[in-house]
1. Looking at region 21-30, is at least one residue part of a helix (DSSP H, G or I), surrounded by 11 or more Cβ atoms within 10 Å (Cβ to Cβ) and free of Cβ contacts under 8 Å to residues at least 12 places away in the same chain?
2. Exactly one condition in (1) loosely packed, with under 10 Cβ neighbours inside 10 Å; (2) part of a helix (DSSP H, G or I); (3) not hydroxyl-bearing (Ser, Thr, Tyr) is not met by residue 13; state its number.
3. Which one of the conditions (1) among the hydroxyl-bearing types (Ser, Thr, Tyr); (2) assigned to a helix (DSSP H, G or I); (3) out of contact with any Phe, Trp or Tyr (no Cβ under 9 Å at 6 or more places or on another chain) does residue 18 fail to meet, given that it meets all the rest?
Amino acid sequence: MDNVKKKFYLNPEVTFLYHSSFGAWPKPVMDIYQKWQIELERQPVAFLGRKHAKLLSKSRNTLSD
């Protein structure tokens, strides 16, 4: 179980019993999310105005495959 706990940023001194509605993301997922968040913050107009539609399309195509 300790091995699984290391994959999250959760406080190791707290035992979380319920993850259905609110759950922590694993570190790799959170790291990628933060990468995209920083890219958005650096150039919000370019990201939202020109880039996000292509990225969403690429994601949809990848998931549908």
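1. Taking every residue of region 21-30 in turn, at least one turns out to be part of a helix (DSSP H, G or I), surrounded by 11 or more Cβ atoms within 10 Å (Cβ to Cβ) and free of Cβ contacts under 8 Å to residues at least 12 places away in the same chain.
2. For residue 13, the failing item is (2).
3. That leaves (2) as the condition not met.
A short reminder: the numbers here are calculations on the coordinates, not readings from a lab. Everything numeric in this text was worked out from a predicted model, so none of it was measured. Ideal geometry is used to build each Cβ from the backbone, glycine not excepted, and the neighbour counts take in all protein chains shown.
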